[in-house]
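Input: a single structure, listed below in structure tokens.
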Amino acid sequence: MIVAEHLTKRFADKTAVDDVSFTVQPGKVTGFLGPNGAGKSTTMRMIVGLDRPTSGRTTVAGQDYRALRAPITEVGVLLDAKAVHGGRSALNHLRAIAATHGIPRSRVDEVIDLAGIGSVARKRAGKFSLGMGQRLGIAAALLGDPHTLILDEPVNGLDPEGVRWVREFVRHAAGEGRTVLLSSHLMSEMAQTADHVVVLGRGKVLADAPLGDLVRAWTTTTVRVQSPRATELASLVAGPDIRVTSPAPGVLDVEGATAASIGDTAAHGGIPLHELTTTSGSLEEAYLALTETAVEYKTKEFA
């Protein structure tokens, strides 16, 4: 378990993290989201002792990370895949890390195979592509077979097969009861991976909730209806809390009513239906709505 309590970090007159509190439970994948500059990476760095909080504290499995006797066997961390000696091979990089914790070479071979870098294991890490560098970073994070994983943008630069592998791996790790904190800007991927979501914006916690609850709270469910008597059905379905629009002849988009209630209304009126489809909101829609006023670096919109 990872616990952050009233965590604050200031750099001169800039408050990067502002009174942040959350808990990452074991057995779940917790997605860590937020716009650029929201404080996600700074928070992760404080969890693993790379930055000292201005105030507040973090613990991993009930302890300060810096108090862990063998950190790599407790916490697997990927914060910067480029943090590797470019002149060393991937194999020697991992062997050097393993030697500091008494981890056998057989485990090095295991994580190389697990991360899919066997064919380049003896090549210099400095020559790696972005995706291969990410795989090496993930291999290093897994070296100590840790119970807790903290992964910052692990799928950055990976091809589709690599992205799927990371998704399946972290789901499997959580299924084994491990604690997983995962940061990513890929909302579609996070929607398939995370159980719980913590969202930061301008250094503050904007949301801390199960993924499904977050999506339902910040998006609208729409029912698409097609009928040759759509205009008649629209008048029957309409109500004070129901919004009906018609994007095309014979087509209705209904918000505020369920597909079942619309179907019952149509059946009662003898109105034929050609389509009755429920479209739920996405994590991306919820995220954009939630962080709309918390984006620090906003780009110009196209007309």
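The values are calculated or read from the model by the stated rules, or taken from the named source; none is laboratory data. What you see is a predicted model, and the numbers here were worked out from it, not measured in a lab. Reconstructed Cβ throughout: ideal geometry from the backbone, glycine too, with neighbour counts over all protein chains shown.
Please find, among I103, I150, the residue that is modelled with pLDDT of 90 or more and part of a loop (DSSP other than H, G, I, E, B).
I103
Checking the condition modelled with pLDDT of 95 or more, within 33 Å of the chain's Cα centre (by Cα) and closer than 30 Å to M44 by Cβ, which residue from V295, V205, V254, V223 passes?
Matching residue, one of V295, V205, V254, V223: V205.
Please go through (1) among the charged types (D, E, K, R); (2) modelled with pLDDT under 95; (3) over 21 Å from the mean Cα position of the chain (by Cα); (4) within 19 Å of L181 (Cα to Cα) for D13 and return the number of the only condition it doesn't satisfy.
(4)
Pick out, from the range 210-303, the helices (runs of 4 or more DSSP H) lying fully within it that include 1 or more residues that are within 30 Å of V24 (Cβ to Cβ).
Because the criterion is at least 1 residues that are within 30 Å of V24 (Cβ to Cβ), the helices (runs of 4 or more DSSP H) in the range 210-303 that meet it are 211-218, 283-291.
Do the conditions hold for G37, that is, is it surrounded by 14 or more Cβ atoms within 10 Å (Cβ to Cβ) and closer than 28 Å to V111 by Cα? Can you show your working first?
Details: surrounded by 14 or more Cβ atoms within 10 Å (Cβ to Cβ): yes; closer than 28 Å to V111 by Cα: no.
In short, no.
Hey, can you tell me all the residues within the range 47-60 that are farther than 22 Å from N156 by Cα, outside any loop (DSSP other than H, G, I, E, B) and not hydroxyl-bearing (S, T, Y)?
G56, R57, V60
Return the residues of the range 4-25 that are more than 12 Å from G203 (Cβ to Cβ) and surrounded by 17 or more Cβ atoms within 10 Å (Cβ to Cβ); say none if nothing qualifies.
A4, F22, V24
So which of V29, V20 is modelled with pLDDT of 95 or more, over 29 Å from G157 (Cα atoms) and among the aliphatic types (A, V, I, L, M)?
When all the criteria are applied, what remains is V20.
Mind checking whether some residue in the range 61-76 is without any contact (Cβ under 8 Å) to a residue 12 or more places away in the chain and in a strand (DSSP E or B)?
Yes: one or more hits.
Can you pull out every residue in the range 102-111 that is free of Cβ contacts under 8 Å to residues at least 12 places away in the same chain and surrounded by 12 or more Cβ atoms within 10 Å (Cβ to Cβ)?
R105, D109, E110
Filter the range 119-135 down to residues that are buried (at least 18 other Cβ atoms within 10 Å of the Cβ) and over 18 Å from S184 (Cα atoms), then give me how many there are.
Residues that pass the stated criteria total 4.
Kindly evaluate L214 against the criterion of being out of contact with any Pro (no Cβ under 8 Å at 6 or more places or on another chain), closer than 30 Å to V3 by Cβ and assigned by TED's automatic domain parsing to the domain that holds R171. I'd like the intermediate steps shown before the answer.
On the way: out of contact with any Pro (no Cβ under 8 Å at 6 or more places or on another chain): yes; closer than 30 Å to V3 by Cβ: yes; assigned by TED's automatic domain parsing to the domain that holds R171: no.
No: the conditions fail for L214.
Select from the range 172-194 the residues that are assigned to a loop (DSSP other than H, G, I, E, B) and under 9 Å from the mean Cα position of the chain (by Cα) and write down the one among them that is nearest to Q25 (Cα to Cα).
This residue is A194.
Only one residue in A96, A115 is surrounded by fewer than 18 Cβ atoms within 10 Å (Cβ to Cβ) and more than 30 Å from L290 (Cβ to Cβ). Which one?
Exactly one residue qualifies, and that residue is A96.
How many of the residues making up the range 203-235 are surrounded by fewer than 15 Cβ atoms within 10 Å (Cβ to Cβ) and either over 29 Å from L290 (Cβ atoms) or without any contact (Cβ under 8 Å) to a residue 24 or more places away in the chain (or both)?
Taking the range 203-235 as the starting set, the residues that turn out to be surrounded by fewer than 15 Cβ atoms within 10 Å (Cβ to Cβ) are 210, 212-213, 217, 220, 228, 231-232, 235.
Subsequent filtering for residues that are either over 29 Å from L290 (Cβ atoms) or without any contact (Cβ under 8 Å) to a residue 24 or more places away in the chain (or both) retains 210, 212-213, 228, 231-232, 235.
Going through the range 203-235 one residue at a time, the tally reaches 7.
Note down all Cβ pairs under 9 Å where the first residue falls in the range 112-137 and is in the same structural domain as V166 (by TED's automatic domain parsing) and modelled with pLDDT of 90 or more, the second is acidic (D, E) and not in a loop (DSSP other than H, G, I, E, B), and they're at least six residues apart or on different chains.
Partner pairs satisfying both residue conditions: G116/E161; G118/D109; A121/D109.
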